[in-house]
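The values are calculated or read from the model by the stated rules, or taken from the named source; none is laboratory data. All of these numbers come straight from a predicted model, not from anything done at the bench. The protein model used for the area step is the full one, side chains on, heavy atoms only, and it has no ligands, DNA or RNA in it. Shrake-Rupley method; radii C 1.70, N 1.55, O 1.52, S 1.80 Å.
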Amino acid sequence: FFSQPINMAQVTGKVLGCKQLKSKDLWGKSDPYVKVICGDSEYKTDAIDDSEDPVWADATFAFGGLDMESDICFIVLDKDMGGDDEIGRAHVPLHLIPHDEPTTFTFSIGMNAPKKNPGTITVEMQLQPPEGFFD
């Protein structure tokens, strides 16, 4: 018999933008979008055409039912006709996200980059920890 924990964390936030993205296209600039993954849930922003410095006006995400040991992952991709290419990614442990107010972070997305830094992503996040987690 398995029971689901009653007090689970929730994270809310916004993808604000990326800077200095490295192009994955042979000609021109990338058409970036961001996939946000946390637990079993996923959110995608719209793609921004031909941009190294995309900005999203309304890219809000919310994930609930999360274990505090989870990570939230931001994957920046280039939208292409033949399949999307990964530009870079950042992983953030949930327990490092402030819970008192929304906080803006800028992360390198060079986690899997072999040589050059593929750019940065800026997000705003807030964590609602399980009741009693910090007691």
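Note on segment 38-103: along the principal axes its Cα atoms extend 38, 23, 17 Å, ordered by decreasing extent.
Quick one: if you take sqrt(5λ) for each eigenvalue of the C-alpha gyration tensor of segment 12-128, what semi-axes come out, biggest first, whole angstrom? Before the final figure, lay out the partial values.
Details: eigenvalues 122, 38, 34 Å².
For segment 12-128, the semi-axes come out at 25, 14, 13 Å.
In segment 12-128, carbon and sulfur make up what percent of the accessible area (probe 1.4 Å)? Reported share for carbon and sulfur atoms: 47 percent. For the chain, the solvent-accessible area of protein heavy atoms averages 61 Å² per residue (probe radius 1.4 Å; ligands and nucleic acids excluded).
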